[in-house]
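Visitor: One structure follows; several queries about it will come next.
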Amino acid sequence: MNFTVKKTFKGGIHPLENKHYTESCPIEPVPTPRQLVLPLVQHIGAPCKPLVQKKQAVTLGEPLGRSDAYVSAPIHSPVNGAVKDITLASHPVIGRTMAVYLEANAEDNLPQRPQPERFGEEFDPGSFTPEQICNAIQEAGLVGMGGAGFPTRVKVEPNPAMPKHTLVINGCECEPYITCDYRIMLEWTWQILAGVRLAARAAGCQTVRIGIEDNKPEAVKAFEQALSRCRREEDIQVVVVKTKYPQGGERQLIRAVLGKQVPTGGIPPQIGVCVLNVATCAAIAEAVVFRKPLTHRVVTVTGRAIARPGNYYVPIGMSVQDLLAHCGGLTERAAKVVLGGPMMGFAIADMSTPLTKTCGALTVLTREDVTEPQYVRQQTACIRCGRCLMVCPEGLNPTRIAHAVKHFRMDLAEQYYLSACIECGSCSYVCPAHIELSGYIKTGKLLKAREKKRLG
Amino acid sequence: MLSQIIVSPSPHTSQDLTTRRVMADVIIGLVPAMLASAVFFRVRAVLVIGVCVVVCLVSEWVCHRLRRRPNLLGDLSAVVTGIILALSLPPAVPLSVAVIGSVFAIVIVKMLFGGLGNNVFNPAMAARAFLTASFGAAMTTWTVPATLDAAMPKVQASNVEAVTQATPLAWSKMALKGQAKAEQVQSQLKAAFWGQVGGCIGETSAAALLLGGLYLLVRRTIAYHIPLAVLLSAGIFAAVGWLLKPDVFVRPDFHLFGGGLMLGAFFIATDPVTAPLSVRGKWIFGAGVGLLIMLIRTAGEYPEGVMYAVLIMNAFTPLIDRLCHTAPVGGKPRV
């Protein structure tokens, strides 16, 4: 028996993986939908201002919106077509936002295909300067594709105040159900590796660690084979970490892979680390080498209540109903449609909501998957069992924070480190009283932000 | 079809665990002790357990009705309180006393403080303390187990309906006072482990309680910190005493298996509502309970101290919670 201690963090949970629905489905392109909606906010930072007008014709890859702010990312058209309208649209994360409505031309819109075969072992990042790489990343509108959506240029670009020395690549995909990152790690290995080396060159990092959970041995093998054939100067290694949720949280991943702790409420660059998702790396390779903006991404459509689950190469801006229709529609038993995975995704009610850059999955859950107490949302009294404290990967006291927020005691909530919460939802998952701890904490963060705004 | 689609904050799934399941597990964990009590004290034990459970449920139902709250009997917490109270009563206790205790536990100790999750003291232990203060004689009458009449000395005048004898701990107390020999007391160790001794209904059989406690640990219904801390601190205290003065102090294993220590360590001190939240707090709480049990047993006037030890530490729980802030990753705990 092997008794080596697996690399991991403290706390966390083991939800049912349920990756079997889609883990063996190769990435498939989808037909271009007639109508697309591109929200002008698909990232953290300043919203874009529209660059196009109503009825204007647009081509594939043309910028639709941009902002002059440093922390922002432009948005591009995924089709050839015309602007139908610029108005409000449903947004999975922030409710409603301004968006560009596009109508695709009926003819010149063949489904876009990924082109991983254009990258191989001979790729040399040395032919691009760090400035070129950073500019290409910005122009392509790249954001963190793992879910947070922080503009990639801001992360990668060297910052004299916080010099970076290590790049950690996140190939954990710890969320249940989702397999989009797993599939690209298998199918686009060389492209990801090219993106990793470009990012390392831009950020000035000599050390690169690719963290992959031990439930994906095929992905580990793919990267190890690629690395053994690839001639390089950087020190790139695959690190196998324990399968546990939320292993793919950047603070947890750094703890597991490097054994270092990011200060409470701080960000990885404070300890000289930059974390990028594998999907972001693949997009970096395309953006730098082909000048291809971020207009498509891989989305896992999965769950027991979906007729044809799979991993699809989807134009950003496609509506949830179009994608569901392509996958055979919902079955009778659908109880919850979630953009993202079941742990951190956003449940939506409006099926015309568009898919954004940060959306890696569309999970359709049945009532059994949701579990009965969670479905009826009956919360009973806290019995102070302390399970939430045991699983919190950030070492917080979720029940105390939630109760402080419930009584609008924001000062008390902050004493318990409200803002250090990463919103992984492990506390709500284990709570025997089914209290929506993570929901209360998110409410608390919103209330705090509102208060800050009010006070100027 | 879309009308069935619901929205709510993430996470959108959860562990298959409810408060009801947690309480049901505690009840299952108590089954061996209840069976043992039925073997040693026959119908009397079954009767007391039944009365306590029924009265607890009725009191809780009435309280919910008066507060116009949804009926929450289904969470089974009143059943757990009833069983633990019954197991900590002497077998010969008059049923009226059991009824008064059950009403006190639910109405005064639990519901007046706000119901499940809000009570400061363990309802069963607070009720038992109330009964000890109010019905001293009835609460210290120890029936001889039906399976055995051992040669233990009689310390209490027998009441009309039962043959009584000293509990192992009362005997060990006599040893401490020089009225008996420690080795003589130790000869009862095996009987105390299996349960053929005088004592409260559910506390006599350490073996049955250990079995149930292991079930709770395996099911992860309780965390191991509190039971381990209780056993360790009581065990170390007893070992030090025994090593210093073996002629008056009984062996540590006798202390661990005798009296209500096992019941207290696995089922009473682990009551989540009245114990601290954090792991560090749980260690302190458990160590405090173990220490106080041994202090009362050796230096106090009572032969047994589980009840008061748990109640005293319950009172300290808010303070422990305040002092044991969890440390956030990458930072220091804020005091």
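The values are calculated or read from the model by the stated rules, or taken from the named source; none is laboratory data. Treat the numbers as computed from the prediction; the structure is a model and nothing was measured. Quick reminder, even Gly has a Cβ in these numbers, built from the backbone with ideal geometry, and neighbours come from all protein chains shown.
Visitor: Going through the range A:349-370 one residue at a time, which ones are assigned to a strand (DSSP E or B) and at the interface with chain B (Cβ under 7 Å from one of its Cβ atoms)?
Guide: A:LEU365, the sole residue that qualifies.
Visitor: Another question, if that's okay. Which number in (1) on the phi > 0 side of the Ramachandran plot; (2) free of Cβ contacts under 8 Å to residues at least 24 places away in the same chain marks the one condition that B:LEU214 misses?
Guide: If we test B:LEU214 against (1) on the phi > 0 side of the Ramachandran plot; (2) free of Cβ contacts under 8 Å to residues at least 24 places away in the same chain, just (1) comes out false.
The rows are residues; the columns are (1) within 14 Å of another protein chain (Cβ to nearest Cβ); (2) aliphatic (A, V, I, L, M); (3) not in a loop (DSSP other than H, G, I, E, B).
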position	(1), (2), (3)
B:ARG297	no, no, yes
B:GLU304	no, no, no
B:MET307	no, yes, yes
B:ALA327	yes, yes, no
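To keep it simple, each residue is scored yes or no on (1) of a type outside the set (A, V, I, L, M); (2) more than 27 Å from the chain's Cα centre (by Cα).
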{"site": "A:TYR375", "(1), (2)": "yes, no"}
{"site": "A:ARG384", "(1), (2)": "yes, yes"}
{"site": "A:ARG387", "(1), (2)": "yes, yes"}
{"site": "A:CYS392", "(1), (2)": "yes, no"}
{"site": "A:GLY395", "(1), (2)": "yes, no"}
{"site": "A:PRO398", "(1), (2)": "yes, no"}
{"site": "A:PHE408", "(1), (2)": "yes, yes"}
{"site": "A:ALA413", "(1), (2)": "no, yes"}
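Visitor: Name the residues in the range A:331-348 that are within 23 Å of A:VAL430 (Cβ to Cβ) and either facing chain B (nearest Cβ under 7 Å) or touching a Gly at 6+ places or on another chain (Cβ under 7 Å) (or both), would you?
Guide: If the condition is that a residue be within 23 Å of A:VAL430 (Cβ to Cβ) and either facing chain B (nearest Cβ under 7 Å) or touching a Gly at 6+ places or on another chain (Cβ under 7 Å) (or both), then A:ALA335, A:LYS336, A:VAL338, A:GLY340, A:PRO342, A:MET343, A:MET344, A:GLY345, A:PHE346, A:ALA347 are the ones that fit.
Visitor: Within the range A:66-73, does at least one residue satisfy the condition of being of a type in the set (Phe, Trp, Tyr) and within 19 Å of the chain's Cα centre (by Cα)?
Guide: No - not one qualifying residue is present in the range A:66-73.
Visitor: Here are some conditions: (1) crowded, with 24+ Cβ neighbours inside 10 Å; (2) assigned by TED's automatic domain parsing to the domain that holds B:TRP171. B:LEU209 meets all but one. Which one does it not meet?
Guide: Every condition holds for B:LEU209 apart from (2).
Visitor: Going by what's in this entry, would A:VAL364 be described as closer than 27 Å to A:ALA283 by Cα and touching a Cys at 6+ places or on another chain (Cβ under 8 Å)?
Guide: no
Visitor: Among the residues of the range B:72-109, write down those that are within 14 Å of chain A (Cβ to nearest Cβ), at negative phi and outside any helix (DSSP H, G or I).
Guide: Hit for the range B:72-109 is B:LEU72, nothing else.
Visitor: Restricting attention to the range A:378-388, which residues are out of contact with any His (no Cβ under 8 Å at 6 or more places or on another chain) and either among the β-branched types (Val, Ile, Thr) or surrounded by fewer than 24 Cβ atoms within 10 Å (Cβ to Cβ) (or both)?
Guide: A:ALA381, A:ILE383, A:ARG384, A:GLY386, listed by residue number.
Visitor: I want to confirm something. Restricting to the range A:402-426 and keeping residues that are facing chain B (nearest Cβ under 9 Å) and touching a helix residue (DSSP H, G or I) at 6+ places or on another chain (Cβ under 9 Å), which single residue is surrounded by the fewest Cβ atoms within 10 Å (Cβ to Cβ)?
Guide: For the range A:402-426, the residue satisfying everything is A:GLN415.
Visitor: Still on this model: Can you tell me which residues in the range B:2-52 are charged (D, E, K, R) and assigned to a helix (DSSP H, G or I)?
Guide: Scanning the range B:2-52 gives B:ARG20, B:ARG21, B:ASP25, B:ARG42, B:ARG44.
Visitor: Also: Go through (1) within 11 Å of another protein chain (Cβ to nearest Cβ); (2) modelled with pLDDT of 95 or more; (3) surrounded by fewer than 15 Cβ atoms within 10 Å (Cβ to Cβ) and name the single condition B:ASP25 misses.
Guide: (3)
Visitor: If you don't mind, another one. Please go through (1) within 14 Å of chain B (Cβ to nearest Cβ); (2) closer than 27 Å to A:VAL370 by Cα for A:THR8 and return the number of the only condition it doesn't satisfy.
Guide: Going through (1) within 14 Å of chain B (Cβ to nearest Cβ); (2) closer than 27 Å to A:VAL370 by Cα one by one, A:THR8 breaks only (2).
Visitor: While we're on this one: Of these, B:VAL240, B:VAL250, B:VAL230, which one is in contact with a Leu (Cβ under 9 Å, 6 or more places away or on another chain) and either in a helix (DSSP H, G or I) or small (Gly, Ala, Ser) (or both)?
Guide: Just one listed residue meets the conditions, B:VAL230.
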